[in-house]
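The values are calculated or read from the model by the stated rules, or taken from the named source; none is laboratory data. Computed from a predicted model, the values in this text were never measured in an experiment. Neighbour counts are summed over all protein chains in view; Cβ atoms, including those assigned to glycine, are modelled from backbone coordinates with ideal geometry.
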Amino acid sequence: MQPTKIQILYIEDDGVNMLLMRHLIKKKLPSVELLEASTIQEGIGLAIQTQPFLILSDIHFLGMNGYEGLTQLKADSRTSTIPVWAISAFVLEEDIRKGKAAGFEQYITKPIHIGRFAKLLEAYIEQKTS
């Protein structure tokens, strides 16, 4: 019997960024199953349905943005305890402060440095599962 994979939900509307994350998870974190959503609304629904270990979310979307999504996730008892990390092209110190103040557990700036990001995720998973 195969061990249960850790599920991480990635909410991202850019296909190239989604492809990069898919590749990173497959190569660097084979114990992780990547769940994918291309809109905040889809991501919230998937989070409610699957209860992932971690949610990674872009900030900028047409319609509902990442901050609004975070507010909804934290307001819903079914998703309020799931940690959410922002992954954003908004890279100014003010943007990072705003993201952390809003409740994102981590604020990762794009472009993602694959090696560092994989190590950060790996360490986080190790810390939370041991």
- Checking Leu70 against (1) at pLDDT 95 or above; (2) under 16 Å from Glu12 (Cα atoms); (3) not in a helix (DSSP H, G or I), the condition it does not meet: (3)
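Report yes if some residue within the range 113-128 is in a loop (DSSP other than H, G, I, E, B) and among the hydroxyl-bearing types (Ser, Thr, Tyr); otherwise report no.
The first filter runs over the range 113-128 and keeps only residues in a loop (DSSP other than H, G, I, E, B), leaving 113.
Keeping just the survivors that are among the hydroxyl-bearing types (Ser, Thr, Tyr) gives none.
Within the range 113-128, none of the residues are in a loop (DSSP other than H, G, I, E, B) and among the hydroxyl-bearing types (Ser, Thr, Tyr).
Per-residue answers, yes or no, for (1) of a type in the set (Ser, Thr, Tyr); (2) closer than 22 Å to Gly15 by Cβ; (3) at pLDDT 95 or above:
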{"position": "Ser77", "(1), (2), (3)": "yes, no, yes"}
{"position": "Ala86", "(1), (2), (3)": "no, yes, yes"}
{"position": "Glu93", "(1), (2), (3)": "no, no, yes"}
{"position": "Lys98", "(1), (2), (3)": "no, no, yes"}
- By residue number, the members of the range 1-29 that are in contact with a strand residue (DSSP E or B) (Cβ under 7 Å, 6 or more places away or on another chain) and either at pLDDT below 95 or not in a strand (DSSP E or B) (or both) are Lys5, Met18, Met21, Arg22, Ile25
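Counting only residues that are assigned to a loop (DSSP other than H, G, I, E, B) and among the β-branched types (Val, Ile, Thr), which one in the range 90-112 is surrounded by the most Cβ atoms within 10 Å (Cβ to Cβ)?
Here is the first cut: in the range 90-112, the ones assigned to a loop (DSSP other than H, G, I, E, B) are 90-92, 103-105, 110-112.
Filter once more, keeping what is among the β-branched types (Val, Ile, Thr): 91, 112.
Working: Val91: 12, Ile112: 17.
My answer is Ile112.
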- Note on the structure: When the range 73-89 is checked residue by residue, the ones that are loosely packed, with under 15 Cβ neighbours inside 10 Å and either assigned to a loop (DSSP other than H, G, I, E, B) or at positive phi (or both) are Asp76, Ser77, Arg78, Ser80, Thr81, Ala89
- Failed condition for Gln49, given (1) outside any helix (DSSP H, G or I); (2) surrounded by fewer than 15 Cβ atoms within 10 Å (Cβ to Cβ), with all others met? (1)
- Item | Criterion: aromatic (Phe, Trp, Tyr) and out of contact with any strand residue (DSSP E or B) (no Cβ under 6 Å at 6 or more places or on another chain) - qualifying residue of Tyr107, Tyr67 | Tyr67
